[in-house]
Amino acid sequence: MITSKLPNVGTTIFTVMSQLAAETGAINLSQGFPDFDGPDALREALCRRVMDGNNQYAPMAGLPALREQVAAKIARCYGRQVGVDSEITITPGATHAIFCAIQAVVRAGDEVIVFDPCYDSYAPSVELASGRCVHVQLKDGDFAIDWEKLSAALSPRTRMIVINTPHNPSGALITREELDRLAALIRDRDIYVLSDEVYEHLVFDGLQHASVLAHDELYQRAFVVSSFGKTYHVTGWKTGYLVAPPALTAEARKVHQFVAFCGVTPLQWALADFMAAHPEHVDELPAFYQAKRDYFCDRLEASRFTFTRASGTYFQLVDYSRIRPDLNDVDMSLWMTREHGVASIPISVFYQNPPEGQRLIRLCFPKREETLRQAAEKLCAI
């Protein structure tokens, strides 16, 4: 008999809802991926690199050319000079980077604080490191950090705090002032920070992303994770990166080299080529995705859903209390997919203990206008 190391983990809701959307022919606004391709120049660079023979192992830390482009972007966006060889690691996906960071420093019996609702890979990664997740619920409504709850959750066993900004699933942002407050709270404690910033360039309405990379004090004890897939509309390329001070990078690489060893070589070359030729791409992303958010939300104004427009990411939360308050969010998502042809994600799956009476679902808007128009029409008809 097998004794599971993850006894409470099954198939993710993202897989379940995407499969149901495929089976029913529903418009899939559940799993977070675009229904359009990345830039032509990026895909052409991949074809060129494959045909030119760049198909063998990359260095364990990632291609130097790509790490150089990441370092240049960090310097331009956040004013930090990071070591190309000692502080940047290219990984096969951001989830891989998160896993390696947690395995690198979390020990048996350690506690890791996560903020609910949170991305579903954090807790299993902690459990596999023989640590324990301590769930601190974000404030209802604006999904801001509840500092009283965070302070109460700290203990001598606290080893790491995981933050996520822009926040999946809510789209909320952590401010620079909140990063300052976090730094003050843990200043005299042996606590690391894991900052999940995969949506770093998807920030709207003139707001700014407050990165741990731009915070001198926090960065010294931090792992920062980002995603090429989210930034360049190629989520299926499963390529991300991890940035940390040299000592933390060395520990994370010890794990990385025995999980995947390296990322996919031609993908790394294509990304390096595209980033060198088109540094403006990341500057154009906020307006690009805000236009999609607004196109979708403008059409949802005629619906019975209520919502506050997301400040970041490519997810929009909507409240369905005026439509089917009798259904919990899982049943609502299933009902909408089967009966109304639009697949979503229930927010309760991001919580250890979902708030009673919450009636929120997550819709993904990085889609073609035609997809968003059709989805909005169906949602307005409910």
### Helix-only CD estimate at 222 nm, as mean residue ellipticity for the chain, using -39500 (n - 2.57) per DSSP H run (n ≥ 4)
-12500 deg cm²/dmol
### Query
Sorted by mean Cβ packing within 10 Å, highest first, what order do the peptides 125-138, 173-186 take?
125-138, 173-186
## Note on the structure
Phi angles of region 21-28, converted by Karplus (6.51 cos²θ - 1.76 cosθ + 1.60, θ = phi - 60°) into ³J(HN,Hα) in whole Hz with x for Gly and Pro, give 4, 5, 5, 9, x, 6, 6, 8
### Query
Structure shown: which of Lys73/Lys292; Lys73/Lys254; Lys149/Lys254; Lys230/Lys378; Lys238/Lys367 lie over 30 Å apart, alpha-carbon to alpha-carbon?
Lys149/Lys254
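Hey, any idea what the orientation-averaged projected area of the convex hull of region 1-121's Cα atoms comes to, in nm²? Don't skip to the answer; put the middle values down first.
Values: hull surface 52.6 nm².
Reported value for the Cα convex hull: 13.1 nm².
Let me check against my output: what whole-number percent is the relative contact order of region 54-277, with C-alpha pairs under 8 Å and at least 6 apart?
Working: 419 pairs, mean separation 65.1, N = 224.
Here the relative contact order equals 29 percent.
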### Task
Considering the options Leu317, Val106, Thr306, tell which one lies farthest towards the positive end of the dipole of the chain, charges being +1 on Lys and Arg and -1 on Asp and Glu at the Cβ, about the Cα centre.
Val106
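Scale the Cα Rg of the chain by the rule-of-thumb value 2.2 N^0.38 Å and send over the ratio, two decimals.
Values: Rg = 20.5 Å, N = 382, 2.2 N^0.38 = 21.1 Å.
It is 0.97.
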### Task
Among the aspartates and glutamates, select those whose C-alpha is under 12 Å from the C-alpha of Lys139, and discard any that sit fewer than 8 residues away in the same chain.
Asp116, Glu148
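Given charges of +1 on the Cβ of Lys and Arg and -1 on the Cβ of Asp and Glu, with all other atoms neutral, how large is the dipole of the chain about its Cα centre, in debye to the nearest 20? Each step should come with its number before you reach the end.
Numbers: 37 positive and 46 negative charges, 116 e Å.
I would put it at about 560 debye.
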### Query
Between Asp294 and Ser4, what length in nm is gained on full extension when 0.36 nm per residue of separation is reduced by their alpha carbon distance?
99.9 nm
### Query
So for the chain, taking the charge dipole from beta-carbon charges (+1 Lys/Arg, -1 Asp/Glu), which of His167, Gly83, Ala381 sits furthest toward the positive end?
Gly83
### Query
In debye to the nearest 20, how big a dipole does region 54-277 give about its Cα centre with +1 on each Lys and Arg Cβ and -1 on each Asp and Glu Cβ?
520
### Message
Pairwise over distinct Cα atoms, reciprocal of the mean inverse distance: report the Kirkwood radius of region 54-277 in Å, one decimal place.
### Response
17.6
#### Entry: Among 79-85, 240-246, the order from most to least packed when residues are scored by Cβ within 10 Å on average
240-246, 79-85
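Once you charge only the Cβ atoms, +1 for Lys and Arg and -1 for Asp and Glu, what is the size of the charge dipole of region 66-160 about its Cα centre, to the nearest 20 debye? Write down the numbers at each step before the final one.
Working: 10 positive and 12 negative charges, 62 e Å.
Here the size comes out at about 300 debye.
A short reminder: the numbers here are calculations on the coordinates, not readings from a lab. The model shown is predicted, which means the values in this text are computed figures rather than measured ones. We place every Cβ from the backbone using ideal geometry, glycine too, and count neighbours over all the protein chains shown.
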